[in-house]
Amino acid sequence: MTDDLSKQLLELRKSTDELNVLTDRANELVRRTEQYLIEECRVGGPVYVHVASMDEPVVEEAGPGAPEWSTYLGYDRYKGELRIVVSHVVEGDEHEVKAWAECSRDIKLDTLDVLPKVIQELLKKVRKQVAGVKATVDLLDSMIPASRKG
């Protein structure tokens, strides 16, 4: 029994060391993603993607009518800066928003796999904006005469 416990403790140590390294890498990747979106792309938000794996169904013990929680990963302004954020929604109303970097490790790891979808949603949003603005600019350009400067 003692040998099994010793082996399990060693395994636990190895596993937590690996988890900590991976979490540090994830933190750095999200920081670089934010930096790239802000500095290189100069893209604004907001976009949000549902994190279905984090939905909390009504708990039987809570009784009927207990609130249902949903979680979203997004890119939006947080304390004046564009950030990757996690939003918790209760019965359709935003309950809490935090920068991803400020969330617990469990929340970070549970939402990380949705980050590529957030980037896809940003791309869709920007493409839609480009198409709409281009059409308007082209229309206005064809209607308004160019100024005559001497």
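I'm trying to understand the selection: among the residues of region 67-107, which are crowded, with 18+ Cβ neighbours inside 10 Å and either assigned to a helix (DSSP H, G or I) or in contact with a helix residue (DSSP H, G or I) (Cβ under 7 Å, 6 or more places away or on another chain) (or both)?
Within region 67-107, THR71, LEU73, GLY74, TYR75, ARG83, ILE84, VAL85, VAL86, TRP100, ILE107 qualify.
Need pairs with beta-carbon distance below 7 Å; first residue at positive phi and within region 85-112, second at pLDDT below 95; sequence gap 6+ or separate chains.
Sorted first by the residue in region 85-112, then by its partner, the pairs are GLU91/PRO67; GLU91/GLU68.
Do we find that ILE119 is hydrophobic (A, V, I, L, M, F, W, C) and within 22 Å of ALA26 (Cα to Cα) in this structure?
Judged against the criteria, ILE119 is a match.
So, in region 30-40, how many residues would count as being surrounded by 10 or more Cβ atoms within 10 Å (Cβ to Cβ) and free of Cβ contacts under 8 Å to residues at least 12 places away in the same chain?
Here the count works out to 3.
Which residue out of GLY74, GLY92 is modelled with pLDDT under 95 and of a type in the set (Gly, Ala, Ser)?
GLY92
The values are calculated or read from the model by the stated rules, or taken from the named source; none is laboratory data. What you are looking at is a predicted structure, and each value in this text was computed from that prediction instead of being measured. Here the Cβ is made from the backbone with ideal geometry for all residues, glycine too, and neighbour counts use every protein chain on show.
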